[in-house]
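Step one of this worksheet: look at the structure below.
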Amino acid sequence: MISLRERLPMDPTLLLLGLALMAVGLVAISSASVEYGTFHHDNGWYHTQRHLFYLVVSLAVATGAYFVPAQFWLATGWFWLLGGVALLVLVLLPGVGKDVNGSQRWLPLGPFTLQASEFAKFTVLIYLAGYLVRHGDELRSRWQGFAKPMAVLLLVSVLLMAEPDFGATVILVVTAFGMLFLAGVKLTSFLGVMSLSVAGLVALVFAAPYRVARLTAYTDPWADPYGSGFQLIQSLIAFGRGEWVGVGLGNSIQKLFYLPEAHTDFVFSIWAEETGFLGAMLVIGLFVALIGRILWVARQAQIVGDEFGANLCFGVALVFSGQAFVNIGVSSGLLPTKGLTLPFVSYGGSSLIVCCTMLALVLRIERDLCVAPSRKAAAPANKKRARA
Amino acid sequence: MSRAPRKTVIAPWRFYLVVIALLALPTLLVGRVLSLQVLDTDRGRSFLQNQGDLRSVRNAEIPAYRGVISDRRGEPLAVSTPVISLWTDPAILAGVEDLSALAGALETTPSALRERLDNYAGKRFIYLQRHLVPVAARDILALRIPGVYGKREYRRFYPAGEVVGQLVGFTNTDGAGITGLELAYDEWLKGVPGQKQYIKDLHGDAVRDIGVLEPARPGKDLRLSIDLRLQYLHHQELQRAMALTGASAGTIVTLDSHTGEVLAMVNHPVYNPNSRRGITPAQTRNRAMTDMYEPGSTMKAFTLVAALESGRYSTETLIDTSPGRIRVGRKVFPDPRDYGEITVSRIIEKSSQVGVTRIALDLGHQPILDVFARFGIGSMLATGFPGESAGLLPNRERWSDVEKATLAFGYGLTATPLQLAHAYSAFANDGILQPVSLLATGQPGTDGTRIISGDLAAQVLTVLQRVTEEHGTARKAQVPGYHVGGKTGTVHKVGPGGYQDNKYIALFAGIAPIEDPRFVTVVIINEPQGEAYGGGAAAAPVFSRVAQGTLRLLNVPPEVPAPAELTVAAPASHTSGAIPRAEVSG
């Protein structure tokens, strides 16, 4: 481990966990999309090839991001936020954004499409992590410090809901609250705003009938097995078929068009069908380890006083946790149906690029912790003081 | 990179609270996945698997292989070959934009196909095309047109075609026998379809087989008594006779006289069972078993039996037939010329109406009817062949002399060609009548019935042989190298106004070889044209050629090994394409 660590200028644990999830994703997508690709594109490897291309692009972008020092992100937070909001506005413009299944979420880029909310999520993260550093004292003492990021969050949420993208909104709001909480925001105002937000989310749910329909479909999909419950039932059947070790890679029946577009948001169901409970546990375990490691990096950064790094890592950990939990929760019927990708695993370029970039930022922050020996030496002292 | 660590003092409990909250998430997921995949909870694993199977597992019928019908030597007469029928769900196919590829493959036009789909708009199953050869069907299925599926079936082929068409019959497109032996032995041949399970995808395409629930039980094979070589020979000779006589229809049937097996049975007109468009009942009818004819003078052999059994006649009893005609009631039955005083044997040889009438009036109708009935005339042969006729023996209270006389020479009753052959087989089998069999038995049945004494049978054979000799009416029935016997018949056809003067049926019932009979052949030529319309002129030559070929194929050694025969026979056998007799006998 030491030698690998020396040769590699980054944390091998994080790197290997990320790569492992991407490998699982590639295998799962290949298996889940082979029939779909053959039927729609006359090429069973159609989605695998495209996903491989996304992987290459993502790793290139992530490598680039890795060489950018954290100071740069901190300094350009506002710029990123403006860019993210611009994307969200752009996608809503008629004729620019692409409407798929009633949601206007994609910007066409030649043969590819860009999912605006994925990038917006990333930019809000950068902005918020910086804001918490710049206005830390104000945040902890006065409610005005708390109100400014709330306004930004509200704006982005409204834009996301206009698409509509309820899932991304929830992830973003929860992540933002988590980051604020971890940054030490005043408990009274925090709890007040949080209860307001929860009330707002509930109101949103009941404002749009299709969300109510989705909610009822999730609580009892068997009530309407060929209508609103169809997709979830097919997903649950995939889980049920899997048992302990699965039906074997490639042997899924649900991917034979029963589970619509099984390689995208429901790829975990096919994975669970083919590799069973053990395969599902492997993926959940990888996520737990990855997020745990990111939290560990965040805590280290917090301890040595790298506030921006800590905030960013907390944000990344929360985004990954939220998305992984919602995605797996949705496909197993634990949560109402939401179109959220499984980080590193689901098919799709935008999600993959953003996830890899986020991981690259964490890796960079972790490396900066290591190469600052004075801080490292100071760490134990800080820790003791914090506990005292 | 803020310098002052004092600012970063954030209570650690916030971090640990978030960690604990985040740890709750995977715990929830693991519990949920566990209950779905491993623990058998309500609506858990087994419920889900069952629901999945309801959606994706289907049962399909495995078609059963229909038994092969073969001739006595195993030559196939009816075989089933695997084919694929294309069917469609019109509701799905109607939604396909471009039907031109499919229409092209089905050799129709897109508009015609579209119209057909519209006609069946409410249905979920129609056949696009039945019984395609598997390669062609797979090419069409490879187009992957939604809603087009293939179904495995068997198609019946008849390698011998028209030659045995009427006897074997045929099946309908669903593989059920509808005529002939295909119908008679349908239960035996058809087998029991099995069931298998397979997984289909959402589009309905079968993806993989799970297993066989119940294997298909193939039908049993059927070995017929006919010999395809003899059948071809009979067919060829009948076609030739049709051409020579200009007749409209005909039948030849040959029966193994020891076993009662039908060795050959052909009819004209014929049809091709492999291509049945536009066929008529006249072509499919197996006339040898379904059509009834008045047998005419061929019945005189049985009148002879009645005469000999009465004890008042022997074959050499003299009867005066002068002046060559006899008046019975208001009818006059003439002979071709005045034969004078001749023996009973010669009466049969010459087929003398006067002589037979005298005998009949002397015996009365009852002994004659008894003999006819004993030989099976008027009762079913019980072969089980669909549409088999029993023929008709008259049964009346009062008999006029005319009726007694005409009964004796074969009018006023009907029989099928096979019944006639069957009746003659008793003469050829030492007086024992074997039941007729259409299936190969290979040996004499034990349930044969003696109906006349062996001595009597031998006497009749002697007379029948004389019929084919120099004084007889059937000299054209002779077969070079062998002695044969038989009896001619010429009957007026019955039309709307009774018997018709210019329409005849020519018959011949023959036995060969006469010393040790092997088979009986009945030839019936319906409406021969021109002067050669009689049994001796139209039917007897056909018997000669058929018997000659049959004797050769049955490896019966010639009984007349005279060197003189060689020179006579050789040219004749050359013309018929047979092996020169010198080689056979030498």
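Keeping to the range B:21-30, report how many residues are facing another protein chain (nearest Cβ under 9 Å) and farther than 11 Å from residue A:280 by Cα.
The number of residues fulfilling the criteria is 6.
Can you tell me which of B:152, B:156, B:144 is outside any helix (DSSP H, G or I), free of Cβ contacts under 8 Å to residues at least 12 places away in the same chain and not assigned by TED's automatic domain parsing to the domain that holds residue B:238?
Checking each option against the conditions leaves just B:144.
So which residues in the range A:19-61 are within 14 Å of another protein chain (Cβ to nearest Cβ), touching a helix residue (DSSP H, G or I) at 6+ places or on another chain (Cβ under 8 Å) and in a loop (DSSP other than H, G, I, E, B), if there are any at all?
Of everything in the range A:19-61, those that are within 14 Å of another protein chain (Cβ to nearest Cβ), touching a helix residue (DSSP H, G or I) at 6+ places or on another chain (Cβ under 8 Å) and in a loop (DSSP other than H, G, I, E, B) turn out to be A:43, A:44.
Looking at the structure I just gave you, is residue A:174 over 30 Å from residue A:305 (Cβ atoms), at pLDDT 80 or above, of a type in the set (A, V, I, L, M, F, W, C) and within 24 Å of the chain's Cα centre (by Cα)?
So residue A:174 fails the test.
Suppose we keep only residues that are in contact (Cβ under 8 Å) with a residue 60 or more places away in the chain and part of a loop (DSSP other than H, G, I, E, B) within the range A:234-257. Which one would you say is farthest from the other protein chains (Cβ to nearest Cβ)?
Per the criteria, the residue is A:249.
Does residue A:288 fit the bill of being within 10 Å of chain B (Cβ to nearest Cβ), of a type in the set (A, V, I, L, M, F, W, C), out of contact with any strand residue (DSSP E or B) (no Cβ under 9 Å at 6 or more places or on another chain) and more than 24 Å from residue A:100 (Cβ to Cβ)?
Criteria met by residue A:288.
Yes/no per residue for (1) more than 60 Å from the chain's Cα centre (by Cα); (2) exposed (fewer than 13 other Cβ atoms within 10 Å of the Cβ); (3) within 14 Å of another protein chain (Cβ to nearest Cβ):
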{"residue": "B:13", "(1), (2), (3)": "yes, yes, yes"}
{"residue": "B:19", "(1), (2), (3)": "yes, no, yes"}
{"residue": "B:39", "(1), (2), (3)": "yes, yes, yes"}
{"residue": "B:59", "(1), (2), (3)": "no, yes, no"}
{"residue": "B:76", "(1), (2), (3)": "no, no, no"}
{"residue": "B:83", "(1), (2), (3)": "no, no, no"}
{"residue": "B:93", "(1), (2), (3)": "no, no, no"}
{"residue": "B:98", "(1), (2), (3)": "no, yes, no"}
{"residue": "B:108", "(1), (2), (3)": "no, no, no"}
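Given the conditions (1) within 30 Å of residue B:132 (Cβ to Cβ); (2) away from every other protein chain (no Cβ under 12 Å); (3) surrounded by 17 or more Cβ atoms within 10 Å (Cβ to Cβ), which single one is not true for residue B:72?
Condition (1) is where residue B:72 drops out.
I'd like to know if the range A:1-22 contains one or more residues that are farther than 30 Å from residue A:367 by Cα and among the polar types (S, T, N, Q).
no
For residues in the range A:88-108 being assigned to a helix (DSSP H, G or I) and buried (at least 19 other Cβ atoms within 10 Å of the Cβ), which is farthest from the other protein chains (Cβ to nearest Cβ)?
A:91
Could you list, in sequence order, the residues of the range B:172-218 that are surrounded by 14 or more Cβ atoms within 10 Å (Cβ to Cβ) and out of contact with any strand residue (DSSP E or B) (no Cβ under 8 Å at 6 or more places or on another chain)?
Scanning the range B:172-218 gives B:179, B:180, B:202, B:203, B:218.
Taking the range B:360-409, which residues are in a loop (DSSP other than H, G, I, E, B) and β-branched (Val, Ile, Thr)?
B:377, B:383
Scan the range B:41-57 and give yes if some residue there is more than 9 Å from every other protein chain (Cβ to nearest Cβ) and either crowded, with 18+ Cβ neighbours inside 10 Å or touching a helix residue (DSSP H, G or I) at 6+ places or on another chain (Cβ under 8 Å) (or both), otherwise no.
Checking the range B:41-57: at least one residue is more than 9 Å from every other protein chain (Cβ to nearest Cβ) and either crowded, with 18+ Cβ neighbours inside 10 Å or touching a helix residue (DSSP H, G or I) at 6+ places or on another chain (Cβ under 8 Å) (or both).
So the check is Cβ under 7 Å with 6+ separation or different chains; which pairs have a first residue in the range A:137-162 that's of a type in the set (Gly, Ala, Ser) and a second one that's buried (at least 17 other Cβ atoms within 10 Å of the Cβ) and not in a helix (DSSP H, G or I)?
What qualifies is A:145/A:135.
Looking at the structure I just gave you, is residue B:66 assigned by TED's automatic domain parsing to the domain that holds residue B:215, in contact with an Asp or Glu (Cβ under 6 Å, 6 or more places away or on another chain) and surrounded by 13 or more Cβ atoms within 10 Å (Cβ to Cβ)?
Answer is no for this residue.
Which residues, counting only those in the range A:74-100, are in contact with a Lys or Arg (Cβ under 9 Å, 6 or more places away or on another chain) and more than 26 Å from residue A:163 (Cβ to Cβ)?
Hit for the range A:74-100 is A:74, nothing else.
Would you check which residues across the range B:406-421 are more than 17 Å from residue B:305 (Cα to Cα) and aliphatic (A, V, I, L, M) and list them?
B:413, B:415, B:418
Report the residue count in the range B:32-46 for those that are of a type in the set (Gly, Ala, Ser) and more than 12 Å from residue A:237 (Cβ to Cβ).
1
Quick test for you: out of B:498, B:454, pick the one residue that is over 27 Å from the mean Cα position of the chain (by Cα) and at positive phi.
After applying the criteria, what remains is B:498.
Please find, among B:463, B:479, B:494, the residue that is in the same structural domain as residue B:422 (by TED's automatic domain parsing), assigned to a loop (DSSP other than H, G, I, E, B) and hydrophobic (A, V, I, L, M, F, W, C).
Going through B:463, B:479, B:494 in turn, the sole match is B:479.
Just a yes or no: is a residue in the range A:206-220 hydrophobic (A, V, I, L, M, F, W, C), surrounded by fewer than 17 Cβ atoms within 10 Å (Cβ to Cβ) and within 11 Å of another protein chain (Cβ to nearest Cβ)?
no
With hydrophobic (A, V, I, L, M, F, W, C), in contact with a Ser or Thr (Cβ under 7 Å, 6 or more places away or on another chain) and under 21 Å from residue B:50 (Cα atoms) as the only criterion, which of A:239, A:257 stands out?
Just one listed residue meets the conditions, A:239.
The values are calculated or read from the model by the stated rules, or taken from the named source; none is laboratory data. Being a predicted model, the structure only gives us computed values, none of them experimental. No Cβ is skipped: glycine too gets one built from the backbone with ideal geometry, and neighbour counts run over all protein chains shown.
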